[in-house]
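As structure tokens, the structure follows; a few thoughts come after it.
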Amino acid sequence: MSTRKTNEKQRLRKQPRMRRVYSASSTPLPGLKMPKTAAKRKRRNSRQRLSRPMAGVRGVVLNSRWISLAVAALCVYALFIIGGDDRFYLNYIPVEGSSTIDINSIVAESGLAGRHIFAADPQEAADRISEIGGVVTATVTLHWPNDVMIRIREKPPLATWQEGDKTFWIDEDGQLTTSRAQTVGLLNIISEAPPDSAAPDAIREKVDKIIGTEEAGEPVTDESETTTDEETVASRAAFVPRDVLAGALQLRELRPNIDKLYYKPSDGLGYQDGRGWTAYFGTGRDMHQKLVVYETIVANLLERGARPAYISVANQYKPYYRLVP
């Protein structure tokens, strides 16, 4: 009995010998057609390849936190540019309607000079300008980036009031304001009221204050005992009575050559007659009748050869005069 060897090399079946073929004929293939879903799937796959990385970029860029940070940075940059640019500061401030008030004083009182456009308050500036004496109305307008305009309407003076070396303007209501410019052609009224009787209210308040201080046991300082000349003039120059102003304007209208009047509380308004004496006419709107009485008295005195030194028709029904001795 024979045994096969396991490690014996396996023999292959003999293959037929290959021959080279020099001619071939084409065989038609069956018609192939692209499925309808294949084109859609191809386009979808191509879009997905592009959209997947872009989705990550959008998620980072379009995040709400990044957007808020960008907006905040843009606002800070804009504020920095606006805050440091001279084009947003009010460096040129024109004023309209000012004829007697100094323009620089108006601008300084408004508080707008050199201020940033965002820090300027037009209503506050207009209120501050309105507090200037002689200003009736004030309007302040602002326009971007640094255009500002101040318009005021003044209360024109009708005459001037002089007390000592102080000159005031008289408006149509009789209110007195410090003269701010040289006036030409206005009627000048010189007050001859003595200082003792010119301001009784101010003196009375001063005495009451001193008495109250002494009763309280406090020492009386020099400041409470004396007042400066400026305070005395200011206390006296509060306003001009309406009958005084009306009489002065009527005298000026009837006698255009009068440019200066004098006022005494006891005699009223008067002027220096060019013929060498002083005439007083009181106050009120009846200057026409008083002038007629005055001219009658003057004509009678001159006819008799008498020379008056003083004539008063403050009371036209009881006029009196004083002759030159």
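Mind listing the phi-derived Karplus ³J(HN,Hα) values for the stretch 311-325, rounded to whole Hz, using 6.51, -1.76 and 1.60 with θ = phi - 60°, and x for any glycine or proline?
My calculation for the stretch 311-325 gives 9, 10, 10, 4, 10, 5, 8, 9, x, 8, 8, 10, 8, 6, x Hz in order.
If each residue's Cβ is checked for other Cβ atoms within 10 Å, how do W66, W161, W169 rank with the fewest at the top?
Working: W66 11, W161 27, W169 23.
Starting with the residue having the fewest Cβ neighbours, the order is W66, W169, W161.
From the phi angles alone, apply the Karplus equation (6.51, -1.76, 1.60; θ = phi - 60°) to the stretch 120-129 and give each ³J(HN,Hα) in whole Hz, x where the residue is Gly or Pro.
With coefficients 6.51, -1.76 and 1.60, one gets 8, 10, x, 5, 5, 5, 5, 5, 5, 5 Hz.
R0 = 56 Å: FRET efficiency of E172 with L74, Cβ-based, nearest 0.05?
Working: r = 57 Å, r/R0 = 1.02.
So, using R0 = 56 Å, E works out to roughly 0.50.
Taking a cut-off of 23 Å, what percent of all Cα-Cα pairs in the stretch 242-323 are separated by more than that?
Details: 449 of 3321 pairs.
Here the long-distance tail beyond 23 Å is 14 percent of all Cα pairs in the stretch 242-323.
Highest first, please rank the peptides 255-265, 273-283 by the mean number of other Cβ atoms sitting within 10 Å of their residues. Please list the in-between numbers first.
Details: 255-265: 14.7, 273-283: 16.9.
Descending mean neighbour count gives 273-283, 255-265.
Give me the one-decimal nm value for the distance between modelled label points at T141 and V292, 7 Å along each residue's Cα-to-Cβ direction.
5.4
Can you list residues whose amide H is under 5 Å from D273's amide H, if they're 5+ apart or on another chain and H is modeled 1.01 Å from N?
Residues meeting the criterion, in which the H sits 1.01 Å from N, are T278, A279.
Express in nm, to one decimal, how much length is gained between L302 and M18 on full extension, taking 0.36 nm for each residue of separation and deducting their alpha carbon distance. Intermediate results must be reported in sequence, preceding the final value.
Details: separation 284, 0.36 × 284 = 102.24 nm, distance 17.27 nm.
Result for the pair: 85.0 nm of gain on full extension.
Rule-based calculations on the coordinates, nothing more; no lab input. A quick note: this is a predicted structure, and the numbers were derived from the prediction, not measured. Note that we place each Cβ from the backbone using ideal geometry, even for glycine, and neighbour counts take in every protein chain shown.
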